[in-house]
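To start, the structure itself, in structure tokens.
The values are calculated or read from the model by the stated rules, or taken from the named source; none is laboratory data. Predicted, not measured: the structure shown is a model, and the values here were computed from it. So basically every Cβ, Gly included, is an ideal-geometry build from the backbone, and we count neighbours across all protein chains shown.
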Amino acid sequence: MKTLRYLLLEHLYEWSKVPYKLLFKQDDAWGISVNQLLQYAPSSLGYHLGCFLLSHNFTPEPQLEDHDVFHVLTTTSIAVPDEIAMQWLLFGNGKRSLYLFIALTVGSTLFIDHFKSFIKAFKRGKKANPFYNLNYLELLTEPLADLQHTLKIKPL
């Protein structure tokens, strides 16, 4: 059973997607389906992204596709505390935005009992080469393992 804090954060995230896209995202949607992603080579980022989306019964969220790529690259689960940890990882990697600061503040307050894992994620992001701002649409054909190696992203 999900507790109130899980439900609150999930609803806040769902509510915030539209204003986030309008105010913060200038990127065009990729216009790619899960089936198209699954047509990439089995070692590729695109294929692994397609598998991730399929395994969670997700579809690519227009203009927010990078978020799911971050899950694939960092092998971060979609559990709420892990979502917050991934934001800490991105903060450690150099990402800075008002939305990120709000997510860190609200998420860390509601899940203060996971703060050690958030600090660990922050340090993991600091050790990696900057990856938060790459054009992943152009990297979908690249082997996932090569990207993780080049970017120094250690899988969990």
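Here are the numbers for the structure shown:
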{"read-out": "Output for segment 110-146, where each listed residue is exposed (fewer than 12 other Cβ atoms within 10 Å of the Cβ) and either under 20 Å from LEU9 (Cα atoms) or in contact with a Pro (Cβ under 7 Å, 6 or more places away or on another chain) (or both)", "value": "ILE112, ASP113, LYS116"}
{"read-out": "Matching option when the condition is of a type in the set (Gly, Ala, Ser) and under 27 Å from PRO155 (Cβ atoms), among GLY31, GLY92", "value": "GLY92"}
{"read-out": "Matching entry among PHE70, PHE101 (being closer than 22 Å to LYS126 by Cα, among the aromatic types (Phe, Trp, Tyr) and surrounded by 18 or more Cβ atoms within 10 Å (Cβ to Cβ))", "value": "PHE70"}
{"read-out": "Positions within segment 100-156 being among the polar types (S, T, N, Q) and over 20 Å from LEU73 (Cα atoms), in sequence order", "value": "THR105, SER108, THR109"}
{"read-out": "TYR132 in contact with an Asp or Glu (Cβ under 7 Å, 6 or more places away or on another chain) and either closer than 23 Å to TYR47 by Cα or without any contact (Cβ under 8 Å) to a residue 24 or more places away in the chain (or both)", "value": "no"}
{"read-out": "The one condition in (1) at pLDDT 95 or above; (2) closer than 25 Å to ASN129 by Cβ that VAL34 fails to fulfil", "value": "(2)"}
{"read-out": "Residues located in segment 24-56, provided they are touching a helix residue (DSSP H, G or I) at 6+ places or on another chain (Cβ under 7 Å) and either on the phi > 0 side of the Ramachandran plot or part of a helix (DSSP H, G or I) (or both)", "value": "PHE24, VAL34, LEU37, LEU45, GLY46, TYR47, HIS48, LEU49, GLY50, PHE52, LEU53, LEU54"}
{"read-out": "Failed item in (1) part of a loop (DSSP other than H, G, I, E, B); (2) touching a Lys or Arg at 6+ places or on another chain (Cβ under 7 Å), with THR59 passing the rest", "value": "(2)"}
{"read-out": "Segment 67-86 - residue that is in contact (Cβ under 8 Å) with a residue 60 or more places away in the chain and in a loop (DSSP other than H, G, I, E, B) and, of those, nearest to the chain's Cα centre (by Cα)", "value": "THR76"}
